[in-house]
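*Asks:* Questions regarding the structure given below will be posed in turn.
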Amino acid sequence: MNLVDILFYIFAIVTLVSAGITVYSRNIIYSAFSLLFTFCGVAGIYVLLNADFIAVAQILIYVGGILMLLVFGVMLTHKVINVEIKTGILNIIPGSMITAIVGGTLCGIFMSTDWLIIEGVPPIKSTTNEIGTMFMTKYLLPFEIASVVLLVALIGAAYIARRDKTSKQSV
């Protein structure tokens, strides 16, 4: 067993354990922080697959954007009264059954697959340079249009969130 295999198992265990804590934790803050480790474990597996651009995108988008949005959402709504922040445990049994079925199916597929190991295959080179070149040359216009659309959506969301109570009553 080489270093890459050991790193894969470490990332897989971190991802699975933290995903389990995310799902089964009753405290939403603990779920959010364990989601951080889930996202980082998935990014580590992407690095081992030589998908460095996807790994960086995973960190930037999910950890930097989505997870921070969840944490700020919890922090900004903690003073709302009559709202239970902790999740219920009513759906643990059906969720566990679905997880066992999917996990068993994946284990069966994994065990029945004839994994072909090719000796002497040259290492895969990084794709980040080619992707960056494509974003800044051939796909520059769609990339910029997407950024403008996201900016307009962000401004619209901030406008809707900041309306005062008097404008809500007149609408």
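*Asks:* If contacts are Cα pairs under 8 angstrom and at least 6 residues apart, what is the relative contact order of segment 3-89 in percent?
*Replies:* Value for segment 3-89: 32 percent.
*Asks:* Give me a comma-separated list of calculated 3J(HN,Hα) values for segment 99-106, in order, Karplus coefficients 6.51, -1.76, 1.60 applied at θ = phi - 60°, integers in Hz, x for any Gly or Pro.
*Replies:* Computed from phi, the couplings for segment 99-106 are 4, 5, 5, 5, x, x, 5, 5 Hz.
*Asks:* Using amide H atoms built 1.01 Å from N in the peptide plane, name the residues 5+ places from Thr127, or on other chains, whose amide H lies under 5 Å from its own.
*Replies:* Asp52, Phe53
*Asks:* Rounded, prolate or oblate: pick one for segment 3-89, where a ≥ b ≥ c are the square roots of the eigenvalues of its C-alpha gyration tensor, a/c under 1.5 means rounded, and failing that, prolate if a/b is larger than b/c, else oblate.
*Replies:* Taking the square roots of the gyration eigenvalues as a ≥ b ≥ c, segment 3-89 is oblate.
*Asks:* Take peptides 135-143, 57-65 and line them up by average Cβ neighbours within 10 Å, highest first, as a rough protection proxy.
*Replies:* Working: 135-143: 10.6, 57-65: 14.6.
Order by mean packing, descending: 57-65, 135-143.
Where a number appears in this text, it was derived from the coordinates with a stated rule and is not lab data. Bear in mind that the values here come from a model prediction, so they are computed numbers and not experimental data. Reconstructed Cβ throughout: ideal geometry from the backbone, glycine too, with neighbour counts over all protein chains shown.
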